[in-house]
């Protein structure tokens, strides 16, 4: 089936009707005041309802970290998503599982020193329970966190938080990644490998050439499973000037077996402060991905798009939202993004 590159005709972007683009929305990274740890079923229901209009034209799923300590709350959240027929993706290796995992009382990751949210055995149990509703896994900021841990061990020990558990070896281990990729392949799931530290955008990290070769080896071993995505949250606003060139960091991976490349579209574009990013910037990055024929776009953080409180490490009331609003409703940033996505005209393949 022929794919058509995104075009602009009479001022309206046009893209192929098939295959559908994957849109993945983060809903809880493991913060103490998140909707999962607080059992906010009504908020989860509103989130699903907000995203419902997109599902006719896109493959929509939500992303969450399963490291929450109270497994009853995790089950409640996943059961709610399944009841509303919303597919979900799990963070399995993540910088959040290192930082929030070790320092947030709401969480109990399997191995925070390597960012493992859960074990393969725990993942298998979830897959048995939820079947086709569990559609994918994510590796998030593995290389960025690896670099940070090396700094904690050498030049910048002050970066270490009191609860951080530093690995005796390295944060990134290809054998750990391979186990989850193999699991995904065996269960017809996808893996999103998301980072801002890809070559050639990370010349400051001397380990990246070696790490990149290990990633390519994994892709060749398990072709068609992993989609490599660029995170547009580079420190010091380094992503901002890359709007038209970001793909150069990840576009070569399909040659080694990646299923494709895509974008992790984040409101942390500006100095990791989500409030400084305007909806038109998120839309511009989304358009950039579509222009490059990307079929995989992931959005975060949850509280930029949904009416949720900004994440905290501490256990807290997730209902801290403006008066007259409801937890989980769409913010204006999401309303504008949805309007843009639904206004895109489709052509027959």
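Remarks
- Filter result for the condition that a residue is modelled with pLDDT under 95, surrounded by fewer than 19 Cβ atoms within 10 Å (Cβ to Cβ) and either in contact with a strand residue (DSSP E or B) (Cβ under 9 Å, 6 or more places away or on another chain) or closer than 19 Å to residue 24 by Cβ (or both), over 56, 52: 56
- Take the conditions (1) more than 30 Å from residue 338 (Cβ to Cβ); (2) under 16 Å from the mean Cα position of the chain (by Cα); (3) in a loop (DSSP other than H, G, I, E, B); residue 66 misses just one of them, which is (1).
- Filtered by the rule that a residue be farther than 15 Å from residue 114 by Cα, at pLDDT 95 or above and surrounded by fewer than 17 Cβ atoms within 10 Å (Cβ to Cβ), region 161-184 gives a lone residue, 182.
- The residues in region 185-216 that are surrounded by 15 or more Cβ atoms within 10 Å (Cβ to Cβ) and either touching a strand residue (DSSP E or B) at 6+ places or on another chain (Cβ under 9 Å) or within 16 Å of residue 145 (Cα to Cα) (or both) can be counted, and the count is 21.
- For region 115-128, the tally of residues that are surrounded by 18 or more Cβ atoms within 10 Å (Cβ to Cβ) and either free of Cβ contacts under 8 Å to residues at least 40 places away in the same chain or in contact with a helix residue (DSSP H, G or I) (Cβ under 6 Å, 6 or more places away or on another chain) (or both) stands at 2.
- Filter pass, residue 144 being out of contact with any strand residue (DSSP E or B) (no Cβ under 8 Å at 6 or more places or on another chain) and not in a strand (DSSP E or B): no
- Note on region 18-33: among residues that are more than 12 Å from residue 59 (Cβ to Cβ) and more than 16 Å from the chain's Cα centre (by Cα), the one that is surrounded by the most Cβ atoms within 10 Å (Cβ to Cβ) is 33.
The values are calculated or read from the model by the stated rules, or taken from the named source; none is laboratory data. In this text, all values refer to a predicted model and were calculated from it rather than measured experimentally. Positions of Cβ are generated from backbone atoms using ideal geometry, with glycine treated the same way; all protein chains shown enter the neighbour counts.
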